[in-house]
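Just below is one structure, and these are the notes that go with it.
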Amino acid sequence: MHRVGSAGNTANSTRPRKEKRLTYVLSDADDTKHCAGVNCLAVQKSTVSGGSDYLFTGSRDGTLKRWALGEDAATCSTTFESHVDWVNDVVVAGDALVSCSSDTTLKTWNCMSDGTCTRTLRQHSDYVTCLAAAAKNSNVVASGGLGGEVFVWDLEAALSPISKSGDPMEEDCLNGINGSGHPLPITSLRSINSSNNISVHSTQSHGYVPIAAKGHKESVYALAMNDSGTILVSGGTEKVVRVWDPRSGSKTMKLRGHTDNIRVLLLDSTGRYCLSGSSDSMIRLWDLGQQRCVHSYGVHTDSVWALASTPTFSHVYSGGRDQSLYLTDLATRESLLLCTGEHPILQLALDDDSIWVATTDSSVKKWPAEAHNPQKNFQRGASFLAGNLSFSRAKVSVEGSSPVPVYKEPTVMIPGTFAIVQHEILNNRRHVLTKDTAGSVKLWEITRGVVIEDYGKVSFEEKKEELFEMVSIPAWFTVDTRLGSLSVHLDTPQCFSAEMYSADLNIAGKPEDDKVNLARETLKGLLAHWLTKRKQRFGSQASANGELSGKDITIRSHTHSKVDVDGNAENDSMVYPPFEFSALSPPSIISEGSQGGPWRKKITDLDGTEDEKEFPWWCLDCVLNNRLPPRENTKCSFYLQPCEGSTVQILTQGKLSAPRILRIHKVINYVIEKMVLDKPLDASNPDGTFASGLAGGQLQPSAVAESLRGNRPWHKLKPSIEILCSNQASHPIELVLAPDMSLATVRAYIWKKSDDLVLNYRVVQGR
């Protein structure tokens, strides 16, 4: 399994954690489709006549979906959204759906619910890669992961209500460590390790901290269990098949034979026979009674990642990295190529006489399988005998006698959307250019979460160069595409470093020189629905010390020396147009509060009850109290001097300071005020001014007037002044600065030094 950036597991750490980030995941597509590879499948057959059958899919986009199956179609009826990383496996256990993820958790859901997670189980130390369930004992589920642990879960105990508070989020966090690092009770589970030890953790004592027992010495990739739940097999990077008694946790045997990682395992209903698929390209059949390998099948030319057997365990369907689906008779070794595709096969699920195939693509396909009479397949195509050695099939392929697939087209295809595979944050720090697996290039506005331009299949690099702007805005967010879509990360305090004037954002009805904090307004847009719901439930009063009414939320108080209150915002909750998120394709929030670990939810599914147990405190403080955390200096220091040879002087000399976003036309206005009008500004102006820099021969720092935003728009003046800056090339050249350039842009692209910026002014003759 390809490792991707994980949300990380902090459940077992007592170290102080950095402030939690808030992430929002964007989508411009229908929510009924996956937007990344599908890692896992599970079929639920109806137990009543005329009832619907369902297919469950888990994806690298972090969601699961339930599909109602018709004769020749599948309709998405629910999206299960709570995991914050890849969903790696899923099993149906009675009425419960159990999933595992690279976010280190297992989650349980009601199969027929609206997609609400019923419990989160936190015990693994790393990605959880695989699950196994007992067909005739829906109470038993096993999980394994990259941390080497194998756990056997008693679902009835794990799902029983422990909290009397009735708070579902509190119940949700009971299996693990809470946000402050304190132990929380762990429901009944058995942890297996390689030295035959078993640790049974119970909820008898709420002070008990369970020991993370290591199962394998290395990563576990595959698990399987027999129907009654009396035998469990596991495999991984140690290249051996371990056999356990899940009822006691004791190891019964170890089987060697594979020469590379074991990626998939199957047990027959009785638990006597085991099939294994490996990265060595081989499939092996083991007799657990005889404790040996009885057959090996060289069918594939690359890693085997998926297996499914007929009900009688007479034939096996297999798929993997070579993008091909084979059927093999385990007794006669006769093999047949059923179909080929364009993507590696990750998992298989039989559905009557058909088979569902999940791949690294976002779509899922259903192919004929004839599982109840597999010999029918052999009547349709040319078969071959599976070799005993892994290179035999590869040799046949090289010699040009590759088998022809029996089936050319699937009977049903569930389409997905194209995953984003490349991105570039543009210099304006509001737009992101992306490219998907189909080669389509799009331009996103991340403060609204929408695609504003679809360029089609064009050169990504050429489009990036075409859209280049010489502007400098702080990097207030980061982006990744590990979920197949844009995930935008906001980390405090860096996210609050970027400001723009309202005029540059085209915000009507707001003074053109009001500064707008991009992160604050984005958070207001994201949480607008939540805030509306919250006001409906609890009211919107906030006390002077920052304690908020409703559901007993108390946001930690700050002294004003450590926090900035956004005076321009005037405690308003208005969402301006550049920050309005779409209700048709609402983004999902991934975040973490003081309890329960990371979670994910659509912004339109927030009900207003979420508080600092679910949200980072700094996020709530910003949206509800208008307060921003301490930030790095947003000012730019510079010197303003006459050009060489110029006899023109202005009254102010020495170092000046102004907001980084201040435009050069404001500096022009300032020079005109000082020189032409010969009317110095009042240095005692409470808003701050360009004050005189010389006092008693010493250079004193002074603040650029916020009032310099100007009483008159620059374009209404007739500028007779030019501002120049010397670039730092080997032969410095004085460059005339465009009036709409900001100080930050001049510093980044022209000055290019860490020293204080030096600007020169001169009178333009003939104006």
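As a quick test, which of the pairs 20/753; 524/602; 464/635 have an alpha carbon distance above 23 angstrom in this structure? All intermediate terms of the calculation are to be shown ahead of the outcome.
Details: 20/753 34 Å; 524/602 15 Å; 464/635 30 Å.
Check vs 23 Å cut-off fails for 20/753; 464/635.
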I want the local charge near residue 78. Using Cβ-Cβ distances under 11 Å, sum +1 for each Lys or Arg and -1 for each Asp or Glu among the other residues. -1
Nonlocal amide H pairs with residue 263, under 5 Å, H built at 1.01 Å: 277, 278, 279
Relative contact order in percent for the stretch 284-370 (Cα pairs under 8 Å, 6+ apart) equals 18 percent
Measuring from centroid to centroid over Cα atoms, what is the spacing of the stretch 615-650 and the stretch 53-105 in Å? 48 Å
Just going by the charge dipole of the stretch 292-398, with Lys and Arg at +1 and Asp and Glu at -1 on Cβ, which of 326, 298, 338 is farthest out on the positive end? 298
Size-normalised alpha-carbon gyration radius of the stretch 26-120, reference 2.2 N^0.38 Å: 1.03
In whole Hz, the Karplus estimates of ³J(HN,Hα) for the stretch 249-259 (6.51, -1.76, 1.60; θ = phi - 60°; x where Gly or Pro) are x, 7, 8, 9, 6, 9, 10, 10, x, 6, 10
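Any read-out appearing in this document is the output of simple, stated calculations on the displayed coordinates, not a laboratory observation. Please read all numbers here as calculations on a predicted model, not as lab measurements. Using ideal geometry, Cβ is built from the backbone for each residue, glycine included, and neighbour counts are taken over all protein chains shown.
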